[in-house]
Amino acid sequence: MKSVRQSPLQATAVFLPKNAGKSLRSQVVLGSPSAGCQDVGVCRVIPADMPVRVSCPVAIAWLSQTETGKIRFSFLKSSIPENLMHKHFGWGLFQVIECFGLPEFICRGLKVGKCTIDPGIYPVFVRQDRIIVDF
């Protein structure tokens, strides 16, 4: 996968594999699980058609697997308020404070081997209508 990185939150080219696999539309609750969804990271991933009963920030994302086996979260920019955009994606980075286990519907649906997102700081790639983070 080739990418050209510019300054934070500017349009960046992200090239997808020619035969990109299946994508699952999901709701991503942003935050840290042990902090009650406060702070930064991924707190929960819920199927898109399931009602969400949380007061924490929720963004819509398409989840897929890259050709290198990473889990790609392709967030819809329109589902993220401006203040949360800076908190969670500012500086062109997305931080995960604690390990997060992906739900079974993602692991089975995408047929991924590794079903966790490890703590770390991940690059953010911005497209016209999406924010992409590969874990």
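Residues that are at pLDDT 90 or above and among the β-branched types (Val, Ile, Thr): which strands (runs of 3 or more DSSP E) entirely in segment 24-111 hold 3 or more of them?
Ranges flagged: 38-47.
Among the residues of segment 110-131, the ones that are in contact (Cβ under 8 Å) with a residue 60 or more places away in the chain and in contact with a Pro (Cβ under 9 Å, 6 or more places away or on another chain) come to 2 in all. If you go through segment 58-89 and keep only what is within 16 Å of PRO47 (Cα to Cα) and surrounded by fewer than 16 Cβ atoms within 10 Å (Cβ to Cβ), you end up with LEU76, SER79.
Residue by residue, here is whether (1) of a type in the set (Val, Ile, Thr); (2) touching an Asp or Glu at 6+ places or on another chain (Cβ under 9 Å) holds:
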position: THR68; (1), (2): yes, yes
position: LYS77; (1), (2): no, yes
position: LYS87; (1), (2): no, no
position: ASP134; (1), (2): no, no
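The number of residues in segment 90-133 that are surrounded by 15 or more Cβ atoms within 10 Å (Cβ to Cβ), of a type outside the set (A, V, I, L, M, F, W, C) and closer than 12 Å to PHE75 by Cβ comes to 1.
I'm checking my understanding of the structure. Among residues of segment 112-124 that are outside any loop (DSSP other than H, G, I, E, B) and among the hydrophobic types (A, V, I, L, M, F, W, C), which one is farthest from GLU67 (Cα to Cα)?
Restricting attention to segment 112-124, the residues satisfying the condition of being outside any loop (DSSP other than H, G, I, E, B) are 116-117, 120-124.
The next check asks that each one be among the hydrophobic types (A, V, I, L, M, F, W, C); those that pass are 117, 121, 124.
Working: ILE117: 17, ILE121: 21, VAL124: 18 Å.
So, considering only residues that are outside any loop (DSSP other than H, G, I, E, B) and among the hydrophobic types (A, V, I, L, M, F, W, C), the one farthest from GLU67 (Cα to Cα) is ILE121.
Residues in segment 74-101 that are closer than 23 Å to LYS22 by Cβ and out of contact with any Leu (no Cβ under 8 Å at 6 or more places or on another chain): PHE75, LEU76, LYS77, SER78, SER79, PHE94, PHE100, GLY101.
Going by what's in this entry, would THR68 be described as farther than 26 Å from GLY36 by Cβ and of a type in the set (Ser, Thr, Tyr)? For THR68, the condition - farther than 26 Å from GLY36 by Cβ and of a type in the set (Ser, Thr, Tyr) - is met. Of all residues in segment 78-101, those that are of a type in the set (D, E, K, R) and free of Cβ contacts under 8 Å to residues at least 12 places away in the same chain total 1.
The values are calculated or read from the model by the stated rules, or taken from the named source; none is laboratory data. Nothing here was measured: the structure is a model prediction, and the numbers come from that model. Every residue, glycine as well, gets a Cβ built from its backbone with ideal geometry; the counts of neighbours run over all protein chains shown.
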